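Below is one structure, written out as structure tokens; the observations come after it.
All of the numbers you see were taken from the coordinates with simple rules; none came from a lab. Quick caveat: nothing in here was measured; it's all calculated off a predicted structure. Note that each Cβ is placed from the backbone with ideal geometry, even for glycine, and that neighbours are counted across all protein chains shown.
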Amino acid sequence: MKKKIKIGNLLIGLNLAAMAISLLMMIITRFEDLSKYYAWGYCFLANLIMFAILLVIKESK
């Protein structure tokens with residue numbers, strides 16, 4: 001049996017994966033270079049905002 005994957009759930013899952021990767025890279029680059037650390041921090045915040053937007057869109061349907 002094939003299970004139908006909804007595009008909303010896929011986008012939310014990809015966004016959570018991107019948030020985890022950016023958080024991991026923040027931990028790794030913390031002791032190397034602060035500019036990279038802040039860049040990954042802004043990437044994490046952008047993903048967090050996108051996650052909130054995706055949740056609002058999903059709940060409104």
Helix-derived [θ] at 222 nm for the chain: sum -39500 (n - 2.57) over DSSP H runs of at least 4, divide by residue count, nearest 500?
-29000 deg cm²/dmol
Taking residue 6 as the anchor, which aspartates and glutamates have their alpha carbon closer than 17 Å to its alpha carbon, excluding any fewer than eight residues away along the same chain?
59
For a Förster distance of 35 Å, can you work out the FRET efficiency between the beta-carbons of residue 11 and residue 32, rounded to the nearest 0.05?
0.65
When each pair of different Cα atoms in the chain is counted once in the 1/r mean, what is the Kirkwood radius in angstroms, to one decimal?
12.8 Å
Plugging the Cβ-Cβ distance of residue 61 and residue 21 into 1/(1 + (r/R0)^6) at R0 = 30 Å yields, to the nearest 0.05, a FRET efficiency of 0.60
